[in-house]
1. Ratio of the range 241-282's C-alpha Rg to 2.2 N^0.38 Å, to two decimals?
2. Find how much the distance from ASP45 to ASP256 grows on full extension, using 0.36 nm per residue of separation minus their present alpha carbon separation; answer in nm with one decimal.
3. Cα gyration tensor of the range 76-143, axes a ≥ b ≥ c as square roots of the eigenvalues: rounded (a/c below 1.5), prolate (a/b > b/c) or oblate?
4. Treat each spin label as a single point 7 Å out from the Cα along the C-beta direction, and report the VAL198 to ALA270 distance in nm.
5. Which distance in nm do the two modelled labels at GLU152 and ARG27 give, with both placed 7 Å along the Cα-to-Cβ direction?
6. Ignoring solvent entirely, what values of log10 I(q)/I(0) come out of the Debye formula for the range 127-193 at 0.26, 0.29 Å⁻¹ when each Cα is a single scatterer?
7. Beyond 23 Å, how much of the Cα-Cα pair distribution for the range 20-171 remains, as a whole percent?
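Every read-out reported here was derived from the displayed coordinates using simple, explicitly stated rules and does not represent laboratory data. As the structure is a computational prediction, the values presented were derived from the model and not from experiment. Counting neighbours? That spans all protein chains shown, and the Cβs are built from the backbone with ideal geometry, glycine included.
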Amino acid sequence: MTPTQPTLPAEQILAGDAPLMSLPVLRPPTGIFARRAARLLQLADGHSMADFLRLCAAICQQQQALHDASRLDPRPALEKLAQALAPQLPAPVQASLDSLLALDAAALSRLAEHLINGDYPSDGPLFAALPLLGAALQAQATRSIRQRPLPEPQSQEARCPCCGGLPLASLLLRGDSGHAQRYVVCSMCSHAWPVGRVRCLSCGNSRDLHYYSLAAQDHVPADPNHRQPHQERGAREVEACGECHGALKQISLLLDADAEAGADDLASLALDLLAGEAGFARIGFNPLFLPGREPA
């Protein structure tokens, strides 16, 4: 006989204390950026930020071209993005991109290394073009990691086990058993790793969590139904932790089969703004949207 893992109480399994070794790390589809672009265009129709979403769709289309090409260093990748997107970039972004491309190799490499870890200058001449650097790094990382063996997932990891990247958003999907499984999508390599269904990714808290979604001002919540506890849940919501005050977007494929983590995150930035106003700080980031920060 071989040793086995002890059986855990149901609440511990839901909270993420189970080893999760039976759930694999998921590779993104080969056309991940093309699919993201298509979803962005779908979401842009009638959206209050339609122009922004369409620009992000154009960036994603070029990310797919970078992903499909041979590996490029940041500068040539940025140059390709600049050439392809020039007609669509606002003048301030184009000027910022010119300044970014004027950096020497060492400075650009340092900037890229910091950006991967969510650290970036929130003002100055480079700020407006940093999402394009993030887009280039994202396409590179997705292609590079796809060529490596997948790691064994651990019980709960706050960073991507494939590349060490920060989370972009979590994703709910239906597993083989029919129950919901939760994965976190990497902001850089686009791979997804399993985590506990109800547990803060930052601090591990599983008791003081709150879920927020957008609703019309005249929306009247239905009476609680304990047989269908998720009937009022949104396909895009924020999981907010009352312990560490971290917030992570949650996208549900169970409620919207067409959802795509990167695109639906960008289309629901209002949730992040509202969470920030309520005192919750985003866990991780989306490379295509880098908010400015209040000066210290």
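1. Working: Rg = 11.5 Å, N = 42, 2.2 N^0.38 = 9.1 Å.
Computed over Cα atoms of the range 241-282, the ratio equals 1.26.
2. Details: separation 211, 0.36 × 211 = 75.96 nm, distance 1.67 nm.
Contour length minus the Cα-Cα distance gives 74.3 nm.
3. Details: a/c = 1.57, a/b = 1.17, b/c = 1.34.
The shape class here is oblate.
4. My value for the distance between the label points is 2.8 nm.
5. Label at GLU152, label at ARG27, 2.1 nm between them.
6. Summing over Cα pairs of the range 127-193 leads to -1.14, -1.25.
7. On the way: 4774 of 11476 pairs.
Value for the range 20-171 (Cα pairs over 23 Å): 42 percent.
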